[in-house]
């Protein structure tokens, strides 16, 4: 089998941990597999470099940031290769450029455009374990680019896709994807499998196991991801296409996102395009709008509600102020959170939502906004009830069983 | 003017010092010059990375060491570019690869084979200050290579040569080349100019201002080097071709090398090729022989003396032992040092050597070995007299005047 493994910053956070990772790799290799390993920078290194840059500038040039930040992964990759060589294995470290990763020109948030696997393949043919510095590539000018936070996941998935690997194992300090955050609900259960779509909903909603772009790419390229812990020997969680086996499950998990603020606009003039105008202007200011709800209008006006990340609320207020001729009044609430129920089984079952609303009512939790999609139901509620709601819903759908 | 500047590890050893370097560069730039700046890793960084590697292996693979070690210079280069941009200057950081530096395949000690200056030139044309990560390049396979300790000097000189720069300024924590080590002789004087050849003799003999390979390359390419301090505003020392002005000076400096051990072989069988056999065998074992002296033979045998670096004495002993049939006896002395008088003026003046020998005799310093070249006289003496000899000779040739 050809396996791509990715080890995150915590997994390679010290020389001892790099040694531990080398042992894991050796084990997989000695089982007769071909291996391409993608590594992050040692934990703390990237933040240290960012601090260095901010010593000189609040808005350092992104081109130069990429040369700066790409250095950390090179250190880990070369050290890991050296460790494996010392254990008697053939290993070759390589940079993103040498791994053939070509990106567009968006420094610090580049997209992978193509991967030329020739060098990796020739190294694999010579029985090398290939160690790739994650998070980085080069653009058509030959400039170093990086893929954004968590970009090593993206490197791993893209390489797995390009190499047609049998699996892409993403190692971190958690042993898989859980039905909800175990710090909130100790009865949370590790999932054995989850679909790409569910994973996307769960990760964008706060269950940070895998970078979202990586899951999207895995879905697009059909790469089977296995999320595992590098500190234990559990089987992890397989993230893949929906399967027949999965269909039995109605709800996979509950996510909580506290980084939310609610904006409610009353008596918005009901003329065509007004909503588009408002949201375009918000987009121009780089404000990410999440949930949007428009109530049916009565007479000449309508009510419009949406949520934005907490940190972008001030910016949103400024934008709304420019529409004061078209809006009766605006109401802001910073103390809200979003609780979401995620599951592919939902779409073909009625009554899932009703069950959630009843459970909330039973616990006197007022629902301020509701938004549903095929595989999730999100509710905006008072922030202080966030954890309670997670536990109540976890119990409601019997996720601990 | 097009100026190449190189700042060593101490000069960029902290964020504050990088800021200081940025100010110096800004000053040179605002005088209307074009600038290419080569930087080393922040002091201590390279040693830290070497320690990391040695945690895993006593003999880490050189290919992987190059990926590892090349990361430090990238950090400095990008931070310096960010600092300059913040000050309102156009600046572009680049790796050795982007600077077009192509080397041979000798990892950790690569030789520069060619420099493609196209990217640097296009950046200069757009009025950028170009900041190059020193010490590194890539070979024909696209693998990262490094140029050996002090390799950033080499990067700077090679770039100055390839770009036909008007000057190559090498900044460190000393303000130029001195007549001798000021820690030994406080009256030591900074030289205004020195020839390449003298510099080569002085640096190989212990006055560590500039890496030897860089001086050799500068001589070959006709690059004028100016050695300066990044912590003061002195004029530094110009290292260039011999000039008429220089001819007046007989002696430029006195060097002391304490890393020496003497080997004396008695009654060596006087047959053709025996010396070659011994020295070839020493070379095979990577032992660097420095001074070699053979006395005229009497009868059937001869006496042979040479020096090796102190750390290589044990290896030399083993080699000598294999010749016990051809040698009457061997005598080793670890407590010796080499004092050298260097100066281009010497070669056309007699009496310089005699003056040295008299001065040593006047101070009861016994000379164990003597070796002379066109521009230097080296003497092996008891190690404990090393500093005294330096002061005596400094005085003898009136170098403080």
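Quick check on segment A:2-173: of the DSSP beta bridges with both residues there, what percent are antiparallel, nearest 5%?
Once the DSSP bridges in segment A:2-173 are tallied, antiparallel ones form about 25 percent.
GNM on chain B, C-alpha springs below 10 Å: top fluctuator among B:70, B:57, B:264?
So, out of B:70, B:57, B:264, the one fluctuating most is B:57.
Using only Cα atoms, what is the ratio of the radius of gyration of chain A to 2.2 N^0.38 Å?
Rg over 2.2 N^0.38 Å, computed on Cα atoms: 1.09.
Using the 10 angstrom Cβ neighbour count as an exposure proxy, how do A:231, B:119, B:306 rank, fewest first?
Ordered by Cβ neighbours within 10 Å, fewest first: A:231, B:119, B:306.
Pick from B:334, B:125, B:73 the residue whose mean-square fluctuation is largest in a GNM of chain B, springs joining Cα atoms under 10 Å.
B:125
Name the nearest-to-axis residue of chain A, judged by Cβ distance to the rotation axis taking chain A onto chain B, and quote that distance in whole Å.
A:71, 2
What angle, in degrees between 0 and 90 and rounded to the nearest 10, separates the Cα long axis of helix A:212-221 from the longest principal axis of the Cα atoms of chain A?
The helix A:212-221 is inclined about 70 degrees to chain A.
Which distances in nm, rounded to one decimal and ordered from shortest, link the label point of residue A:166 to the equivalent label points in the other identical copies, with labels set 7 Å from Cα toward Cβ?
The projected label point of residue A:166 is separated from its counterparts by 6.6 nm.
Going by alpha carbons, how many degrees (0 to 90, nearest 10) lie between the helix axis of A:352-362 and the longest principal axis of chain A?
Roughly 70 degrees, rounded to the nearest 10.
Return the inverse of the average 1/r over all pairs of distinct C-alpha atoms in segment B:132-194, which is the Kirkwood hydrodynamic radius, in Å to one decimal.
14.2
Which value does Rg/Rh take for segment B:2-173 over its C-alpha atoms, Rh per Kirkwood?
0.97
Tell me, what is the percent relative contact order of segment A:247-324, built from C-alpha pairs under 8 Å that lie six or more residues apart?
Averaging sequence separation for qualifying contacts and normalising by length gives 37 percent for segment A:247-324.
Measuring nothing but label to label, 7 Å from Cα along Cα→Cβ, what are residue A:48's distances to the other copies in nm, shortest first?
Copy-to-copy label distances at residue A:48, shortest first: 0.4 nm.
Normalising by the residue count of chain B, find the relative contact order in percent from Cα pairs under 8 Å and 6+ residues apart.
Over chain B, the number comes to 14 percent.
Using a Gaussian network for chain A with springs between C-alpha atoms less than 10 Å apart, which of these wobbles most: A:304, A:256, A:159?
Result for chain A, Cα springs under 10 Å: A:304 fluctuates most.
Using the count of nearby Cβ atoms within 10 Å as a rough guide to exposure, how do A:90, B:220 rank from fewest to most?
B:220, A:90
Report, in deg cm²/dmol and to the nearest 500, the calculated mean residue ellipticity at 222 nm for the protein assembly as shown, where each DSSP H run with n ≥ 4 adds -39500 (n - 2.57) and the sum is divided by the residue count.
That comes out to -10000 deg cm²/dmol.
Please label the shape of segment B:163-202 as rounded, prolate or oblate, based on the square roots a ≥ b ≥ c of the eigenvalues of the alpha-carbon gyration tensor (a/c under 1.5 means rounded; beyond that, a/b larger than b/c means prolate, else oblate).
Prolate, since a/c reaches 1.5 and a/b exceeds b/c.
Would you please report the Å³ per residue occupied by the convex hull of the alpha carbon atoms in segment B:298-399?
In segment B:298-399, the Cα convex hull volume per residue is 138 Å³.
I'd like the projected area of the protein assembly as shown, averaged over all directions, using the convex hull of its alpha carbons. Report it in nm² with one decimal.
Reported value for the Cα convex hull: 43.3 nm².
How would B:4, B:268 line up from fewest to most surrounding beta-carbon atoms within 10 angstrom?
B:268, B:4
First check a/c for segment A:162-233, with a ≥ b ≥ c the square roots of the eigenvalues of its C-alpha gyration tensor; if it is under 1.5, answer rounded, and if not, answer prolate when a/b is larger than b/c or oblate otherwise.
Oblate, since a/c reaches 1.5 and b/c is not below a/b.
Taking each label point as 7 Å beyond Cα in the direction of the beta carbon, state the distances from residue A:113 to the same residue in the other copies, shortest first, in nm.
When each copy's label point is compared with this one, the spacings are 2.8 nm.
Could you grab the relative contact order for segment B:254-396? Cα pairs under 8 Å, six or more apart, rounded to a whole percent.
Relative contact order for segment B:254-396 comes out at 31 percent.
For chain A, find the longest principal axis of its Cα atoms and tell me its angle to the long axis of helix A:15-30, 0 to 90°, nearest 10.
In chain A, helix A:15-30 runs at an angle near 70 degrees to the longest axis.
All of the numbers you see were taken from the coordinates with simple rules; none came from a lab. Here the structure is a predicted model, which means the values were calculated and not measured. For neighbour counting, all protein chains shown are included, and Cβ atoms are generated from backbone atoms with ideal geometry for every residue, glycine included.
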